[in-house]
Amino acid sequence: TAVTRRLDYAPPAFWIDTVDLSIDLDPAKTRVLSKLTVRRNPDVPAQPLKLDGDELNLARVLLDGAGCSFRMEGEQLVLENLPEGDAPFALEIFTTCSPEKNSKLMGLFMSGGDFFTQCESEGFRRITYFLDRPDVMATYTVTLRADKQRWPVLLSNGNLVDAGELEGGRHYATWHDPHKKPCYLFAVVAGKLVAREQRITTRSGNNHLLQVWVRPGDLDQTEHAMNSLVHAILWDEWRFGLKLDLERFMVVATSDFNFGAMENKGLNIFNSKYVLAKPATATDADFEAIEGVIGHEYFHNWTGDRVTCRDWFQLSLKEGLTVFRDQSFSMDMAGTASARAVKRIGDVITLRTVQFAEDAGPMAHPVRPDEYLEITNFYTTTIYEKGAEVVRMVETLLGREGFRRGLDLYFQRHDGHAVTCDDFIQTMADATPGSALAERLPQFKLWYSQAGTPVVRAQGHYDAAAQTYTLQLSQSCPPTAGQPAKQPMLIPLRLGLVGLDGRDLPLTLQGGALLHGDVVVLHEPAATLVFSGVTQEPVPSLLRGFSAPVKLQMEATPEQLMHRLAHDSDPFNRWEAGQQLALRVALAQLAAGGEVAPAPLSDAHLAALRAVLRDAALDAAFKALALGLPGESYIADQLPGNVDPQRIHAVREAMRRQLAHALRADWQWAWEHNHDTGAYTPDPVSSGRRALAGLALAMLCLAADGDAVWPGKAYQRVKDAGNMTDRENALQALLGCGHPLAARALEGFYARFSHEALVVDKWFALQARAPDVAGSALPAVLALMQHPDFTLKNPNRARSLLFGFCSGNPAGFHRLDGAGYTFWAGQVLALDAINPQVAARLARTMDAWARLAEPWRGAAREAIARVAAQPKLSNDVREVVTRALA
Ligand code: HT7
Ligand code: ZN
């Protein structure tokens with residue numbers, strides 16, 4: 001298949017106004033009759049109608065009720081002799097497909113004996129022939145027929161308009177969706193399902209039926225998802241004036257799903273991981289993720305469904321904006337300033353560890369890509385998380401009010417249309433004339449077209465006599481594939497100057513004003529800012545709240561960093577100062593060569609961390625983050641190349657052990673004050689306390705030095721914890737210190753939860769990430785692959801073990817003998833034959849291979865080349881490995 005390019009976009013030659021689908025559901029052979037009203041697009045020169053298809057069996061085509069000629073061009077169905085003129089004509093297409101053979105989980109597939117669909121991006125063509133592109137929007141009526149006993153519930157988008165019995169034990173349901181939509185938002189579900197139901201009346205007085213559909217035994221795990229949905233609906237109306245536009249809104253869970261969830265109009269389909277939760281089986285992180293993903297899919301109803309993408313290059317139009325909205329929602333739900341900051345820090349950790357790495361690797365692409373071989377490879381952290389940062393910068397530039405005005409205009413102008421990233425940003429500027437965005441719109445748009453992470457360098461100088469503080473800023477952006485030279489970007493930098501007493505000094509910028517009192521808009525390659533009336537030498541605090549997705553490089557002494565760790569009024573930068581301190585220690589150790597120092601952290605550094613841990617004014621959640629060390633891959637990303645993953649692991653472990661030993665009494669204190677959180681609720685305060693208690697327990701186990709007390713306590717907690725967060729943390733603590741009790745604890749854990757698929761996933765993942773004692777990790781993973789519960793066919797299961805090992809266990813994976821990479825290659829190929837999307841994601845775990853030192857680099861190249869040499873590779877995996885080797 002050829003590369004698709006953004007600049008080749010052309011409007012469709014035909015429009016499809018209505019779609020009437022009759023689907024006779026059968027696992028082996030589902031019969032689909034599609035009746036379409038089609039008309040020529042008068043703005044496009046006459047040409048044949050080419051309908052997309054994929055793995056379909058075509059039985060019959062009728063044009064205005066009569067047989068007609070057609071031909072196949074590859075997988076496309078081509079009709080040439082169509083009526084002239086603009087008048088609509090009727091097409092009837094009868095096809096069959098086989099859901100039970102559909103292991104790709106795109107189109108119509110089966111999960112646990114039930115039927116589900118996944119149509120984004122190009123799955124609808126696996127159900128029927130169609131113009132499978134998001135700018136073709138139609139009104140859908142869908143009749144489903146199925147055996148009533150096996151599939152008593154029949155769902156599709158919109159409103160149920162008819163239902164009844166049929167002969168032979170079958171039944172039917174007809175659904176009509178009043179909203180025009182692109183086919184990627186079409187959905188069908190049929191199964192033995194039950195629903196938690198709730199009626200809500202919104203601010204505007206409208207009444208809606210909400211349903212969360214799950215398998216019969218899972219109803220007790222739907223309360224949190226339902227609460228999250230209610231909160232999301234109320235929040236969107238409160239914050240953005242966006243109302244639910246459907247009488248009925250449904251969420252359905254399936255345990256076989258390639259992604260997190262899908263925003264089908266009125267019928268969101270979810271990976272069960274993002275719906276099902278009860279305290280006994282789901283962790284705080286799971287509860288938080290459910291709120292975020294339920295919010296995300298619901299928010300798509302406006303940013304995605306009502307205003308959709310013109311083409312798939314515009315994916316970030318809906319995804320970046322919707323991630324920004326779900327992040328804002330979760331922050332508002334978190335409540336306190338501290339809990340908001342904790343959420344922001346979590347989001348930035350993801351961005352910096354995953355997206356920055358993507359931007360520096362072979363799959364680097366702009367937020368609005370220029371080309372793809374397989375679009376599903378571009379559901380990336382750049383499109384999602386960097387895209388959300390771009391929207392966040394728009395909000396920073398416009399202010400909350402201006403941003404709201406912009407979004408109001410966006411819906412006024414574009415509701416019901418398929419539009420572009422340019423349309424979005426132009427609207428935001430048009431709504432806010434004179435704003436920092438409107439003034440420099442073409443430059444801001446570089447965020448959509450330039451790949452790579454910009455670097456901002458800053459240097460400060462204090463002039464005591466003049467009482468000025470001068471800040472010299474410059475920016476650059478590294479070359480990425482196809483973009484050797486970059487232009488300067490528009491970068492909003494939120495900043496402060498921290499005084500001796502830890503309080504912010506007043507900011508007076510010579511010859512200019514700061515946006516919102518604390519934001520500098522850097523647009524030149526280099527700029528000098530002079531702050532006057534600075535009565536003492538300040539400690540600069542730049543990029544507060546992570547106001548732009550850039551790498552900030554600024555010299556700072558350990559004392560300055562410790563001052564900010566102790567005092568910065570911006571909690572994000574307070575945390576960041578601690579990360580910088582730790583990072584410097586790690587980088588110094590890596591640069592030093594020779595034996596890894598057993599105790600690399602200075603006494604002052606340890607004292608600063610102790611002070612944070614003991615600070616009565618700080619929340620436990622913040623403390624847990626501030627005492628956490630940067631991850632191994634993030635440390636690796638800071639190196640120019642020649643990465644030795646084993647040494648990075650050894651250095652970080654030395655730091656961790658020292659932190660465990662030196663602060664032993666403080667960890668014990670933290671444990672005692674936080675380990676009992678009473679009856680479980682997933683609120684930020686008690687989940688923060690559980691996080692800190694979990695960290696303390698892991699540290700105490702690590703510092704046990706042969707003493708059985710703390711490992712014994714951890715073992716006991718695995719047995720009798722009142723919730724999954726505490727239980728999993730305790731198990732992780734035992735595994736993390738390599739204690740022999742871990743094996744028994746794992747056994748007991750499995751015995752207790754073997755019937756809970758999502759917990760069994762955790763059980764596999766925990767072991768995949770377990771320390772590599774004497775090369776034991778890979779053999780353990782190989783043994784787990786033989787476990788009766790393991791299967792490559794279920795994406796969650798495959799991810800928990802394979803991704804857990806290949807990306808979550810660097811020391812185990814990057815073996816000196818290269819066996820980790822050989823294993824990776826084998827699994828990518830095995831998965832590719834089943835589910836190319838999941839295989840391509842696994843393939844991406846080797847993205848950073850070229851930055852490795854020898855012998856890893858050579859072994860990695862060989863493994864990737866082995867995959868690339870496979871003749872029957874999917875486009876998904878081919879694109880990833882070809883780029884990796886380019
Ligand atoms: N918009 C949804 C994308 C999605 C997807 C894409 C490719 C293959 C399978 C998929 N399942 C869902 C997810 C979202 O951003 O809400
Ligand atoms: Zn989304």
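Read-outs throughout are calculated quantities, based only on the coordinates presented, and are distinct from any laboratory measurement. Note that the structure is predicted; figures quoted are calculated from it, not measured. Cβ atoms come from the backbone with ideal geometry, glycine included; neighbour counts cover every protein chain shown.
For all pairs of alpha-carbon atoms in the range 68-162, what percent lies in each bin of width 10 Å, listed from the first bin to the last filled one?
12, 38, 35, 14, 2
At q = 0.11, 0.12, 0.13, 0.28 Å⁻¹, what log₁₀ I(q)/I(0) does a Debye calculation on the Cα points of the range 717-783 give, no solvent, two decimals?
Normalising to I(0) and taking log10 leaves -0.23, -0.28, -0.33, -1.42.
At a 10 angstrom cut-off on C-beta neighbours, averaged per residue, how do the peptides 547-556, 324-333 rank from highest to lowest?
324-333, 547-556
Quickly estimate the mean residue ellipticity at 222 nm for the chain, helices only: each DSSP H run with n ≥ 4 gives -39500 (n - 2.57), and the total goes over all residues, rounded to 500.
Computed ellipticity for the chain at 222 nm equals -12000 deg cm²/dmol.
Taking the Cα centroid of the range 301-317 and of the range 671-738, what is the distance between the two, rounded to the nearest whole Å?
43
Are there GluC sites (Glu not before Pro) in the range 560-632 that DSSP marks as loop and that have at most 11 other Cβ atoms within 10 Å, and which are they?
Glu595
For the chain, take the longest principal axis of its alpha carbons; what is the angle in degrees between that and the long axis of helix 421-430, to the nearest 10 within 0 to 90?
70
Would you list which aspartates and glutamates come within 18 Å of Lys148, measuring only between C-alpha atoms, while excluding same-chain residues fewer than 8 positions from it?
Within the straight-line limit of under 18 Å, Lys148 reaches these aspartates and glutamates: Asp24, Asp26, Asp114, Asp162, Glu165, Glu167.
Just to be sure I understand: of the beta bridges DSSP finds with both ends in the chain, what percent are antiparallel, rounded to 5?
Counting only bridges with both partners in the chain, antiparallel ones make up about 80 percent.
For the residue pair Gln536 and Arg404, what label-to-label distance in nm results when each label sits 7 Å from Cα along the Cα-to-beta-carbon direction?
Result: 3.9 nm between the two label points.
Rounded to the nearest 0.05, what FRET efficiency do Thr353 and Glu854 have when you use their Cβ-Cβ distance and R0 = 25 Å?
Using R0 = 25 Å, I get an efficiency of 0.50.
How big is the dipole moment of the chain about its Cα centre under a simple scheme where the beta carbon of each Lys and Arg is +1, that of each Asp and Glu is -1, and everything else is neutral? Debye, nearest 20, please.
860
Beta carbons within 10 angstrom, averaged per residue: use that to sort the peptides 496-504, 388-396, 158-166, 96-104, highest first.
388-396, 96-104, 496-504, 158-166
If neighbour count is taken as other Cβ atoms inside 10 Å, put Ser69, Ser474 in order from fewest to most.
Placing the least packed residue first, the sequence is Ser69, Ser474.
Charges at C-beta only: +1 for Lys and Arg, -1 for Asp and Glu. How large is the resulting dipole of the range 67-155 about its Cα centre, in Debye rounded to 20?
Approximately 520 debye in magnitude.
Would you work out which of Leu873, Leu802, Thr791 lies farthest towards the positive end of the dipole of the range 754-886? Charges go on Cβ: Lys and Arg +1, Asp and Glu -1.
Leu873
If the only charges are +1 at each Lys and Arg Cβ and -1 at each Asp and Glu Cβ, what is the size of the charge dipole of the range 348-499 around the Cα centre, to the nearest 20 debye?
Dipole size: approximately 400 debye.
According to the square roots a ≥ b ≥ c of the eigenvalues of the Cα gyration tensor, what is the shape class of the range 783-886, taking rounded for a/c under 1.5, prolate for a/b larger than b/c otherwise, and oblate for the remainder?
Oblate is the answer for the range 783-886, as a/c is 1.5 or above yet b/c matches or exceeds a/b.
Sort by residue number and name the cysteines in the chain that have no neighbouring cysteine Cβ under 4.7 Å.
Cysteines of the chain left without a disulfide-compatible partner: Cys68, Cys97, Cys119, Cys183, Cys309, Cys421, Cys477, Cys806.
Stretch Ala527-Gln716 to full length: gain in nm at 0.36 nm per residue minus the Cα-Cα span?
62.1 nm is the gain from fully extending Ala527 to Gln716.
Given the peptides 338-351, 661-674, arrange them by the average over their residues of other C-beta atoms within 10 Å, most packed first.
Ranking, from highest mean packing down: 338-351, 661-674.
As I understand it, the dipole of the chain uses +1 on the Cβ of Lys and Arg and -1 on the Cβ of Asp and Glu, about the Cα centre. Which of Pro11, Ala859, Ala833 lies farthest toward its positive end?
Towards the positive end, the residue furthest out is Ala859.
Using only Cα atoms, find the angle between the long axis of helix 387-414 and the longest principal axis of the chain, and express it within 0 to 90 degrees, rounded to the nearest 10.
Helix 387-414 sits roughly 30 degrees off the main axis of the chain.
How far is helix 664-674 tilted off the main Cα axis of the chain, in degrees rounded to 10, range 0 to 90?
50
Counting each pair of different Cα atoms once, what's the Kirkwood radius of the range 620-735 in Å, rounded to one decimal?
Roughly 15.0 Å, rounded to one decimal.
Please report the orientation-averaged projected area of the range 455-555, defined via the convex hull of its C-alpha atoms, in nm².
6.7
Could you tell me which residue out of Val390, Ser338, Gly361 lies farthest along the dipole of the range 309-449 toward its positive end? Charges go on the beta carbon: Lys and Arg +1, Asp and Glu -1, centred on the Cα centre.
Ser338
Leaving out same-chain residues fewer than 8 places away, which lysines sit with a Cα under 20 Å from that of Lys445?
Qualifying lysines at Cα under 20 Å: Lys318, Lys386, Lys486, Lys551.
Quick one: Debye curve from the C-alpha atoms of the chain, no solvent, what's log10 I(q)/I(0) at q = 0.06 Å⁻¹?
These q points yield log10 I(q)/I(0) values of -0.42.
Among the lysines, select those whose C-alpha is under 20 Å from the C-alpha of Lys104, and discard any that sit fewer than 8 residues away in the same chain.
Leaving aside lysines fewer than 8 places away in the same chain, those within reach of Lys104 are Lys29, Lys273, Lys793, Lys872.
Once each part is reduced to its C-alpha centroid, what is the distance from the range 414-458 to the range 785-862 in angstrom?
The range 414-458 and the range 785-862 have Cα centres spaced 38 Å from each other.
Suppose R0 equals 51 Å; then what is the FRET efficiency for Gln510 and Ala66 from their Cβ-Cβ distance, rounded to the nearest 0.05?
Efficiency computed from Cβ-Cβ geometry: 0.05.
Can you tell me the convex hull volume per residue for the range 585-626, based on C-alpha atoms, in Å³ to the nearest whole number?
Looking at the range 585-626, the number lands at 76 Å³ per residue.
Can you tell me the mean projection area, over all orientations, of the convex hull of the range 309-449's alpha carbons? Units nm², please.
For the Cα atoms of the range 309-449, the hull's average projected area reads 8.8 nm².
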